[in-house]
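Visitor: Pasting in a structure now, in structure tokens, and then I'll have a few things to ask.
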Amino acid sequence: MKPLINVPDRRSFLKGAAGTLVGLSAGCATPPYRAAEKGGGLDENFWPSVRADFDLPDGVIQLENGAWGVMSLPVREAYFRHQTRVNQQGSYYTRRDFGADVTAVRARVAASLGVHTDEIAFSRNATEALQALIGGYNRLVPGDGVLLSDLDYDSMQTAMRWLESRRGAQIREVILPEPATKDGLIRAYESALDAHPDIRLILLTHVSHRNGVVMPIAEITALARARGVDVILDSAHAWGQVDLRLNDMGTDFAGLNLHKWIGAPIGVGLMFIRRGRLADIDRFMGEPEGLGIEIDTRLHTGTTNFAALLSVADALDYHESIGAERKAARLRFLANSWTEPARSLPGIEIISPTDPALRAGIAAFRRSGETSIEQNRELVERLLKEFGIFTVVRSGLASGACVRITPGIFTSEAEIRALLNALEQIGS
């Protein structure tokens, strides 16, 4: 593993930190990252230089990048600078200057998502944002139905089920089809709405953390809207993995992460509530109004990681220096490079869809007929011990457990070939 970056002396470090924060307040101009000077889409001459921007472990092929995304070296350096200044100046900085700096970051994030600054609030992760949205949604009356699916994240399913005791809601569930197709997914939600006309709220997952299905969000949201049904969108895995503009989705409520595919430090998420819909989400535990931007009353995190928030602008700089479309294309390319050949391997079942519109970087497989959690845990251990490939088990699909494969933008084609070689031996 590469050594940690040497921290410069205190005086020069603080000078650099101060300059960075001046840049934040001035509008977050993009620094000259090396990646910004590269070119090449899926050209393998381009991506090794991106890989060089990451400090990666030796002796293991990291194909479990879905839990959170490691920072690139430029972002990590910026995070060190921000952390040093925050700790050196303490509350003198956080009470006097942090507000202006984080306001600049907020404006940068809003611009990137194509929304207004008063439509977003920072959280510590997407789970926290979504729990606030689900728990605070106040348009339900006893007997109203709320819909969730087997692709939804466990904690979000728990929050939706809690609405039974909190709001008197009726829990409705849909099992999404495998293999997934766009028409099949839309029909599944349409059938659920037809079968349960009491449904008033849908939890909709943008990119499944289990098998990587990218849902046709705009179509399903339009279907729901025509019936007077609201959608809370779980975009925890979407932003940075797919090229995303919230207004294109049509949803009024969403939770997102910045420490997964955008590459910010751990501890930064986002809540979105479209203008005109704020009244439909309760103030968090009676938060008083008139203390700032009104959406902030819907989520109260307390003291948070100031340096992590400041580093969001640096993460967006790096993300945009590569390009959202190019990044999304690379992740799809890596996923396709193993899933499509593996579909013909004996003894291997690929769970992810074939439709490119329903694909991003995440995909999943299992040995044919092996659907238990224990069988797939054993498979994860075998991949690591025999082939040096690190993956993770995912459960919760109606069809059973699976092994999730999640490359990063730094993953090489050689590492994908190593995975395919492993699957050939495992399936035989």
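Visitor: Based on what the data block shows, is ALA364 among the small types (Gly, Ala, Ser), crowded, with 21+ Cβ neighbours inside 10 Å and part of a strand (DSSP E or B)?
Guide: yes
Visitor: For the range 174-194, which positions are touching a strand residue (DSSP E or B) at 6+ places or on another chain (Cβ under 6 Å) and among the charged types (D, E, K, R)?
Guide: Within the range 174-194, no residue meets the criteria.
Visitor: Can you pull out the residues in the range 89-136 that are surrounded by fewer than 22 Cβ atoms within 10 Å (Cβ to Cβ) and among the hydroxyl-bearing types (Ser, Thr, Tyr)?
Guide: Across the range 89-136, the qualifying residues are SER91, TYR92, TYR93, THR94, THR103, SER112, THR117, THR127.
Visitor: Another question, if that's okay. Please verify whether ARG95 is of a type in the set (Lys, Arg), at negative phi, part of a helix (DSSP H, G or I) and out of contact with any helix residue (DSSP H, G or I) (no Cβ under 8 Å at 6 or more places or on another chain), treating the condition exactly as stated.
Guide: It is true that ARG95 is of a type in the set (Lys, Arg), at negative phi, part of a helix (DSSP H, G or I) and out of contact with any helix residue (DSSP H, G or I) (no Cβ under 8 Å at 6 or more places or on another chain).
Visitor: Take the range 194-212 and flag every residue that is touching a helix residue (DSSP H, G or I) at 6+ places or on another chain (Cβ under 7 Å) and more than 30 Å from LEU334 (Cα to Cα).
Guide: Once the filter is applied, which keeps residues that are touching a helix residue (DSSP H, G or I) at 6+ places or on another chain (Cβ under 7 Å) and more than 30 Å from LEU334 (Cα to Cα), the range 194-212 yields ILE199, ILE202.
Visitor: Can you name the residue in the range 375-413 that is in contact with a strand residue (DSSP E or B) (Cβ under 9 Å, 6 or more places away or on another chain) and assigned to a helix (DSSP H, G or I) and is also surrounded by the most Cβ atoms within 10 Å (Cβ to Cβ) among such residues?
Guide: ASN376
Visitor: Same structure, new question: Name the residues in the range 292-316 that are more than 20 Å from ALA254 (Cα to Cα), at pLDDT 95 or above and either of a type in the set (A, V, I, L, M, F, W, C) or surrounded by fewer than 23 Cβ atoms within 10 Å (Cβ to Cβ) (or both), would you?
Guide: Hits for the range 292-316 are ASN305, PHE306, ALA307, ALA308, LEU310, ALA313, ALA315.
Visitor: Let me ask something additional. Considering each residue of the range 295-332, count those that are outside any helix (DSSP H, G or I) and touching a residue at least 24 places away in the same chain (Cβ under 8 Å), and give that number.
Guide: Matching residues across the range 295-332 total 4.
Visitor: Give all pairs with beta carbons closer than 7 Å in which a residue from the range 46-61 that is outside the structural domain of PHE333 (by TED's automatic domain parsing) meets a residue that is among the acidic types (Asp, Glu); count only pairs at least 6 apart in sequence or on separate chains.
Guide: Filtered contacts from the range 46-61: ILE61/GLU415.
Visitor: Residues that are touching a Leu at 6+ places or on another chain (Cβ under 7 Å), modelled with pLDDT of 95 or more, outside any helix (DSSP H, G or I) and over 30 Å from ARG106 (Cβ atoms): does the range 47-64 have at least one?
Guide: Scanning the range 47-64 turns up at least one residue that is touching a Leu at 6+ places or on another chain (Cβ under 7 Å), modelled with pLDDT of 95 or more, outside any helix (DSSP H, G or I) and over 30 Å from ARG106 (Cβ atoms).
Visitor: May I ask you to say which residue of PRO346, PRO288 is at pLDDT 95 or above and not in a helix (DSSP H, G or I)?
Guide: PRO346
A quick yes/no check of all residues on (1) crowded, with 20+ Cβ neighbours inside 10 Å; (2) within 30 Å of PRO356 (Cβ to Cβ); (3) modelled with pLDDT under 95:
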position	(1), (2), (3)
MET215	yes, yes, no
GLY228	no, no, no
THR251	yes, yes, yes
ARG274	no, yes, no
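The values are calculated or read from the model by the stated rules, or taken from the named source; none is laboratory data. Treat the numbers as computed from the prediction; the structure is a model and nothing was measured. Neighbour counts are summed over all protein chains in view; Cβ atoms, including those assigned to glycine, are modelled from backbone coordinates with ideal geometry.
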